[in-house]
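Undergrad: This is the structure I want to talk about, given as structure tokens.
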Amino acid sequence: MNTDNIQYKFKRHEQKYIVEEQKYIILEKELKIRCKPDQFANTTICSIYFDTPDYYLIRRSLEKPVYKEKLRLRSYGQFSKEEHVFVELKKKYKGVVCKQRIDISVDEASEYLSEGKRPSEQNQVIKEIDRLYNLYGQLKPKMWISSHRTAWQGIGEDTALRITFDRDILWRENQLNLEEGIWGEPIFVHGERIMEIKSPQALPFWLARLLSELEIYPTSFSKYGTAYKQSILNKTTNREGKRC
């Protein structure tokens, strides 16, 4: 993946929505008029989330604290060991998201995140991740999640607007490496998409009106959090089934 135009640090407001298949079709027609495809318009995203042995980071996140943070390893597009991946630290404070990331080789990322061997490049992101490890101890891969993303960017006065749709979201708790391919348990089974609107200011009038007409409302949603809850439910169901 060409990383020349990728942003490595940003702060913005993000709002999520769950969009049903039929409503997405209507939304897409309007977006084709009001927006243009983002430079990374269609891509597959694979992420590995790191956490403590008892899943402290995601359990705390699900409690909706004022401040929370996540650490993940992420690849975009067709994975190749020759391509760089991203180590991302995502923080959220009072609804404002700050994301910092570095691009790094797969081997360097593995040695750093799983073995504690610091990469050759030292910067503020590395210092922030070191802080996380010093605070919580050695974090380990705990969840693999993939999705197919379609991305749109506003035009005219709305150039700062970015809208993404994630579909075919899968998760798994074993074989937690990017080389294993795309497979796992689905989060949705009826074609729903996660829409994320990223904007430094209020929504454009046309978009706010459209969402209101379609009765699409903001929601709190986390892929990792949802996958974690589904995993707990599966384990509970399996235990009860064995008892029966």
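Read the figures in this text as sums done on the coordinates, not as results from a lab. Predicted, not measured: the structure shown is a model, and the values here were computed from it. Methodologically, a virtual Cβ is constructed for each residue, glycine included, from the backbone with ideal geometry; neighbour enumeration extends over all protein chains shown.
Undergrad: Among 206-219, 223-236, how do they line up by average Cβ neighbours within 10 Å per residue, starting with the highest?
TA: Put in order of decreasing packing, that is 223-236, 206-219.
Undergrad: Would you kindly compute the Cα radius of gyration of the chain and its largest Cα-Cα separation (Dmax), both in Å?
TA: 18.6, 62
Undergrad: Once you keep just the Cα pairs under 8 angstrom separated by 6 or more residues, what percentage relative contact order results for segment 60-206?
TA: Worked out over segment 60-206, it gives 15 percent.
Undergrad: In deg cm²/dmol and to the nearest 500, what is the mean residue ellipticity at 222 nm of the chain if only DSSP H runs of at least 4 residues count, each as -39500 (n - 2.57), divided by the residue total?
TA: So the helix-based figure for the chain works out to -9500 deg cm²/dmol.
Undergrad: With Rg and the Kirkwood Rh both taken from Cα atoms, where does Rg over Rh land for segment 149-244?
TA: Result: Rg/Rh = 1.10.
Undergrad: Oh, and also: Name the residues whose placed amide hydrogens come within less than 5 Å of the amide hydrogen of residue 139, ignoring near sequence neighbours (fewer than 5 apart) on the same chain.
TA: Distant-sequence amide H within range of residue 139: zero hits.
Undergrad: Any of 92/223; 68/117; 23/94 with alpha carbons more than 20 Å apart? Name them for me.
TA: 68/117; 23/94
Undergrad: Now, a different point. What Rg and what Dmax come out for segment 158-209 when only alpha-carbon atoms are used, in angstroms?
TA: Rg, Dmax (Cα atoms, Å): 16.0, 45.
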